[in-house]
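The values are calculated or read from the model by the stated rules, or taken from the named source; none is laboratory data. None of these values were measured; they are calculated from a predicted model. These accessible areas exclude ligands, DNA and RNA; they are computed on the full protein's heavy atoms, side chains included. Shrake-Rupley method; radii C 1.70, N 1.55, O 1.52, S 1.80 Å.
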Amino acid sequence: MCIRNLQYQRADLHFGFCGRVKFLLLLITLYLMMSLSLNASTDSIVQTYCDQANKYQESRDYDSSLMFLKLAIYFADSTKDEKSKALVYRQMAHLNFDLNEFDIARIYYKKVLNINPQPESIDLTSDYIGLSLTYLEHGFTDSALYYINKARQHWAQHQDSIICTSLENNTARIYMDKGDFDKALKHFLLALDNAILNHDSINLIYVNLNIGTLYQQLGKFDNALDSYLKSLEISRLTNNTEGLALAYSIGIIYKERQDYQTALKFYTMAIPACIELGKFDDIANIYSNMSNVYMLQKKYLDAANILRKSINLSTNHGNNRQLGIAYANMGKTKELQGFYDSAIYYLDLSRAVFVELGMRNLESIALRMTSEAYEKDHDYKNALFYHKEYILLADSIHSEKVEKQIAELQLSYETEKKDKENKLLKKDIEFEKGKSHYLLILALLLTFTGIVSLVLFYFIRKNALTRKQLAESKAAGLEGKLEGQKRELTLGALSLSRNLEFINSLINELRELSGFVTDGGIRPLNNIVKKLGQQKSNSSWKEFEKRFSEIHSNFYSRLLEEYPTLTQSEVKLCAFLKLGMNTKEICSLTFQSVRAVEASRLRLRKKLNITSCENLSMFLQKY
């Protein structure tokens, strides 16, 4: 069994002529089927409704499929035929899994497994696998592993080679989510061998994709690319549209390898297959990935244009999660272009979407990006405010994660407890004399589990408090640093101004005295004036350079490392421009004319290889 998430698009039964005709045909079908069911047995009625629901599910008409399954459940619950109940509960579980309704799917999988007496069938192995995946989708990896092991125990009784591929593949997925990559790779390779043995092209596509994902997480991009290309080749040979739609995974690898043109090629290749399958959410996601490539290429206009497509597609199809991601990427694009107001506008939109969806992890990322945008715009007050908001939310998310871990531990404990109680009850009937012995074992197990839970909770809580204290300390340090920078820049400017004024006044006074000095003393006096002028320039620069370096410590080294041919005067000019000084302000510090400073800026542009369209000050902000 290869369970995959399918895009759920509700049919609009009240929109347009086609919708009304479809609704009328559905009513006629229901009427005819209910008329025929008057003389039919209950199990045949359930089978008929399930078959009809399956047809609608395959055509992605999920509303109609759900309607027929509810009718099937009504008839199945009115009978004692456990086989009919298992059939309809199983199909309802599969449907809700495809709709990403994992809580509802879990309920129906458990209903199938709780039927007593349990009909012997290999389908029960698939039910255990499906149940384990409902826990995996919510991050409960321990519970997922518990039920996948139950599936393995049941499979051992039948040894079905087809179901074995799904069993090994999904076991590997669970280990991969737990971070145990060695065990994950072991089970993926077992699934791959079994799929090859059975000439199972569908599972060969998905197992190779999963192996590629594993290698990608390990940073082994060559191995990942090899697995992805194998999956793509099988998809081409078998004309498997869903496999072709996943070609964007290959684009992600080429992006990591900085081969941006090839990455864009595979992203574009996946789009027609996604259109054919109606996977518009995947198309919006591909557009967002393409925008990231354009940003890395510094093609910001292309990035903005492709993101507008993602925004429109996500809006039209109600994919708010992808809409929020597209807004965030658009904010980053505007920030890289230097349009900070637009960047903050789109980041605010993305945060609003994530807040509405309750996606706190993505909301925290948007908060951090907003803080960075304000910081680059030199709005340190708002930068600090959003940084604090980000820290608070990140700490809250960590606390929720801790509570989730504890809840999972409790859930595993309750599941294990129920399982052991059932086993003890059976053994109590067979061995009445051994009842006290098994109860003692259960009591010891519960006590030990409780102690472990308390110790784990103590250390997790202690770690959370430590993280919170570090976050608060970092925020306080950032605030102090910002204030210190403001004071240093102010004092530096005042000191330079007073120093220059004093030296200028001294030079002027000495020049006035030259009229009263004899011919023999005029030359020494002129030398003094000349030295004072040189000292004025050197001391002013040294003082400026000292204060500048305290705030931007790596500026000179990074600039000269990339452009070693810059002269000292050009480095000075870069420093002034880094601080956002205009031509007039630079003239006052360098004692040059406006024309001379403009000429220096032009020469600097040529050395830095900057076009006239780019802002020179903005360019220097990255150093």
**OP:** Using a 1.4 angstrom probe on heavy atoms only, work out the carbon and sulfur share of the accessible area of the stretch 221-359 in %.
**Re:** 49 percent
Original post:
So what's the projected area for the stretch 68-165, the Cα convex hull averaged over all directions, in nm²?
Top reply: 6.3 nm²
Original post:
Quick one: which of Lys80/Lys150; Lys376/Lys546; Lys55/Lys80; Lys255/Lys381; Lys530/Lys578; Lys584/Lys606 span more than 28 angstrom between C-alpha atoms?
Top reply: Lys255/Lys381; Lys530/Lys578
Original post:
Rounded if a/c is under 1.5, else prolate if a/b beats b/c, else oblate: with a ≥ b ≥ c from the C-alpha gyration tensor eigenvalues square-rooted, which is the stretch 227-342?
Top reply: oblate
